[in-house]
1. With the structure loaded, tell me whether V84 is within 10 Å of the ligand (Cβ to nearest atom) and not hydroxyl-bearing (S, T, Y) or whether it fails that test.
2. Mind checking which residues of region 207-235 are part of a strand (DSSP E or B) and exposed (fewer than 14 other Cβ atoms within 10 Å of the Cβ)?
3. If I go through region 236-245 residue by residue, how many of them are assigned to a strand (DSSP E or B) and modelled with pLDDT of 90 or more?
4. Select, from T180, T217, T192, the only residue that is touching a strand residue (DSSP E or B) at 6+ places or on another chain (Cβ under 7 Å), of a type in the set (S, T, Y) and touching a residue at least 40 places away in the same chain (Cβ under 8 Å).
5. Criterion first (over 27 Å from the mean Cα position of the chain (by Cα), closer than 29 Å to I254 by Cβ and of a type in the set (F, W, Y)) does Y212 satisfy it?
6. Within region 35-50, how many residues are more than 13 Å from the ligand (Cβ to nearest atom), in a loop (DSSP other than H, G, I, E, B) and either of a type in the set (V, I, T) or farther than 23 Å from D286 by Cβ (or both)?
7. Look at S227 and say whether it is in the same structural domain as F275 (by TED's automatic domain parsing) and under 16 Å from T170 (Cβ atoms).
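The values are calculated or read from the model by the stated rules, or taken from the named source; none is laboratory data. These figures come from a predicted structure and were not determined experimentally. Backbone-built Cβ (ideal geometry, glycine too); neighbour counts: all protein chains shown.
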Amino acid sequence: MSVLEKNYRAFSKYALFFTSMAFLLIFGNVKDSQAEEFTISIPFGAFNPELNTPAEVWYDPPILSIQLGDTVTWINDDREGHTVTSGEGSGRFEWMNTKELGEADGIFDSQRFMPNESWAYTFDKAGVFNYFCIIHPWMSGVVTVNQTIPDYPHDAYGNRIESFPVIQFTPDKLIEFDLTWEPNIIKTFEKTTFVFQTYDGITNSNLDKMMYDMIITQNGKEVFQDSGITQVGGDYRNVIFENSGPIEIRFQNIVSSGSSGIDSIARESVNQPLFRTVVFSTIVYDNPEKITTTETMIQPAQRLDIYYELLVAIILVPALMLLGLIIYMKFRKSENYSQEKSTPL
Ligand SMILES: [Cu+2]
């Protein structure tokens, strides 16, 4: 192979590598920013609780993992009408014994749709969603909706927060209120420290001993409330969020605690200095490390043999390992013994 040929080969290799990397980067990003569409088939024969039909599962695939904002379309390929209803189905074995119906939880419900019809649902909440068919409550499936945690903090409206502190002025422009939170991307069950400072909106000098009420609301509910007086021009609060979703951080009744200073002016120039309010917002994400899921077992198809295989794996593998350990220990012991014996005194 000539040097030129060699170089060309090496070059084409790199070229291929970089081209594919570039494609990955471009399309990887596009994929991230766009919601995806998924389909789940209700196969022919799903109406039968015994599944003595061509169907192997009730919903195919029975467990689907998607990202927040993705859409799932269920297609009825069966010969009977079905529903896709969130909640717990009866389960096949329960159904056979008790003829119990499932329990809908009201998150989504397709109502009955007929063969060759379909129904779509866009998931706008993260979590694990069990669903079943109201007409055939043994039919069950699960959709797991994951939330991508972005690299950058965003406000509640999805706009990127470019830098910290986030700065707001009170409506009377007399006070500049700076807020930083650490970590910048807030996750559930993780301590978040809110650090805030007050400045004179005109002179830009630090304002000490300012009174304020701090209120955090999430999904229309108040999740944190406290009052205080800034020391050395600032203050902080630690908050742990239990739920994901957008939050609004509101500071209100911002007023100087002293009789002199900013509010002697403010009281004269503004009607209601006591209602001075600044509002910040961001998003709390589900902490992937601390999420507790209640993913239920799907029990479709005649797949009981799987459980036997699992049983073998659970009992046989550790048993063999234990046996191996015992043999090893015995071998070591006898080796030590023979070594001791041969050691001259
Ligand atoms: Cu059905």
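1. Numbers: within 10 Å of the ligand (Cβ to nearest atom): yes; not hydroxyl-bearing (S, T, Y): yes.
Yes.
2. Restricting attention to region 207-235, the residues satisfying the condition of being part of a strand (DSSP E or B) are 210-218, 221-229, 231, 234-235.
The answer is K221, E222, Q225, D226, S227, I229, Q231.
3. From region 236-245, those assigned to a strand (DSSP E or B) are 236-240, 245; that's our starting set.
Now restrict to residues that are modelled with pLDDT of 90 or more: 236-240.
So the count comes out to 5.
4. Numbers: T180 fails: touching a residue at least 40 places away in the same chain (Cβ under 8 Å); T217 fails: touching a residue at least 40 places away in the same chain (Cβ under 8 Å).
Exactly one residue qualifies, and that residue is T192.
5. On the way: over 27 Å from the mean Cα position of the chain (by Cα): yes; closer than 29 Å to I254 by Cβ: yes; of a type in the set (F, W, Y): yes.
In short, yes.
6. 1
7. Values: in the same structural domain as F275 (by TED's automatic domain parsing): yes; under 16 Å from T170 (Cβ atoms): no.
It is false that S227 is in the same structural domain as F275 (by TED's automatic domain parsing) and under 16 Å from T170 (Cβ atoms).
Okay, residues lined up against (1) touching a Gly at 6+ places or on another chain (Cβ under 9 Å); (2) more than 30 Å from F275 (Cβ to Cβ):
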{"residue": "R79", "(1), (2)": "yes, yes"}
{"residue": "V84", "(1), (2)": "yes, yes"}
{"residue": "T98", "(1), (2)": "no, yes"}
{"residue": "Y131", "(1), (2)": "yes, yes"}
{"residue": "V145", "(1), (2)": "yes, yes"}
{"residue": "I149", "(1), (2)": "no, yes"}
{"residue": "P165", "(1), (2)": "no, no"}
{"residue": "Q168", "(1), (2)": "no, no"}
